[in-house]
Amino acid sequence: MRKNIQDFQGMKEAGIKISMLTAYDASMSSLLSECGTDMLLVGDSLGMVVLGYDSTVPVTMEQMVHHASAVRRGAADIFVVGDMPFGSYQTGSRDAINNGLKFIKESDCDAVKLEGGQEVCEVVSALVRSGISVMGHLGLTPQTASQLGGYKVQGKELPAAEKMVADARALQDAGVFAIVLECVPEELATLISKDLKIPTIGIGAGAGCDGQVLVINDMLGMFEKFTPKFVKQYAKLAPLMKQGVQEYLAEVKSGTFPAAEQGFSCATDYSSIFREEE
């Protein structure tokens with residue numbers, strides 16, 4: 001049964017951790033649904049994980065809707081959050097509402113997620129008033145990582161920590177139902193989580209958050225070029241995938257695949273089709 005915002009709020013109040021993973025297609029979301037994941041995030045991380053971009057910035061609304069729709073088709077019974085891509089909400093409330101409504105209506109997501117603190121609260125409030133559920137995102141915000149000096153831990157110094165606390169409180173007041181805290185010192189993330197009434201979802205923010213999220217490709221070891229410090233790999237699928245592909249290629253070259261058990265046969269004599277006319 002699909003959880004809802006009230007369920008997640010109840011989980012925080014009861015001290016039950018919320019599990020969240022990214023998904024970008026129907027086959028993966030179906031698998032994660034069978035495993036019992038509480039919530040799925042169709043992250044704009046798909047720009048790097050699926051589409052091969054160097055960052056999340058080039059991802060379009062059309063691409064997000066396309067992938068989110070596939071995720072929903074594979075997981076009808078899971079709460080799905082979709083990332084609002086860069087440029088879809090920074091230009092003001094009217095654009096944000098139009099894009100948010102398009103996202104929800106065309107993908108059937110349950111909520112959208114956007115990055116930023118007090119500077120996006122007006123947009124958040126407008127989205128919520130329009131009937132769109134919103135998740136916030138603080139700390140390392142990939143869409144504006146260049147302004148943060150790169151992919152670094154945020155909130156290490158007291159002024160930055162004070163701003164993050166103020167941002168979190170402002171987002172809560174604006175109506176977000178939860179906030180992702182990314183690459184935040186564990187001590188700060190724990191204090192923010194205790195301070196807020198709404199759930200926090202950590203990624204590189206320690207065990208004190210109310211839930212955790214990871215990129216599925218990182219968690220399953222499908223991406224070998226770089227593994228963030230905060231990722232725990234619960235499997236190493238890349239070597240197994242390579243091994244399977246290499247075995248397939250070798251059998252195709254040798255003619256051992258397909259074997260009889262992978263084929264179909266019948267008693268029909270087809271030879272007459274190819275006989276030359278006398």
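The values are calculated or read from the model by the stated rules, or taken from the named source; none is laboratory data. Keep in mind the model is a prediction, meaning the values are calculated, not measured. Glycine also receives a Cβ, built like all others from the backbone with ideal geometry; neighbour counts cover every protein chain displayed.
Each residue in region 240-262 was checked for being among the hydrophobic types (A, V, I, L, M, F, W, C) and under 26 Å from residue 217 (Cα atoms), and 4 of them qualify. Residues in region 159-213 that are among the polar types (S, T, N, Q) and in contact with a strand residue (DSSP E or B) (Cβ under 8 Å, 6 or more places away or on another chain): 172, 193, 200, 212. Being in a helix (DSSP H, G or I), buried (at least 20 other Cβ atoms within 10 Å of the Cβ), in contact with a helix residue (DSSP H, G or I) (Cβ under 8 Å, 6 or more places away or on another chain) and small (Gly, Ala, Ser) is a description that does not apply to residue 70. If the condition is being aliphatic (A, V, I, L, M) and over 26 Å from residue 128 (Cα atoms), then region 154-183 contributes 158, 160, 161. Can you find even one residue in region 109-130 that is on the phi > 0 side of the Ramachandran plot, surrounded by fewer than 17 Cβ atoms within 10 Å (Cβ to Cβ) and not polar (S, T, N, Q)? Within region 109-130, none of the residues are on the phi > 0 side of the Ramachandran plot, surrounded by fewer than 17 Cβ atoms within 10 Å (Cβ to Cβ) and not polar (S, T, N, Q). For region 16-36, the set of residues classified as among the hydroxyl-bearing types (Ser, Thr, Tyr) and buried (at least 22 other Cβ atoms within 10 Å of the Cβ) consists of 22, 24, 29, listed by residue number. Listed by position, the helices (runs of 4 or more DSSP H) enclosed by region 87-183 that each have at least 2 residues that are of a type in the set (Ser, Thr, Tyr) and touching a residue at least 12 places away in the same chain (Cβ under 8 Å) are 93-107. When residues in region 77-130 are screened for being in contact with a Cys (Cβ under 6 Å, 6 or more places away or on another chain) and farther than 26 Å from residue 26 by Cα, 0 of them pass. From the list 155, 82, the one residue that fits, being over 20 Å from the mean Cα position of the chain (by Cα), within 24 Å of residue 228 (Cα to Cα) and buried (at least 22 other Cβ atoms within 10 Å of the Cβ), is 155. Scanning region 48-63 for residues that are outside any loop (DSSP other than H, G, I, E, B) and modelled with pLDDT under 95 returns 48, 49. Of 236, 242, 232, 253, all but one fail to be closer than 30 Å to residue 154 by Cα and surrounded by fewer than 12 Cβ atoms within 10 Å (Cβ to Cβ); the exception is 232. With respect to residue 63, determine if the residue is polar (S, T, N, Q) and over 19 Å from residue 140 (Cβ atoms). So residue 63 passes the test.
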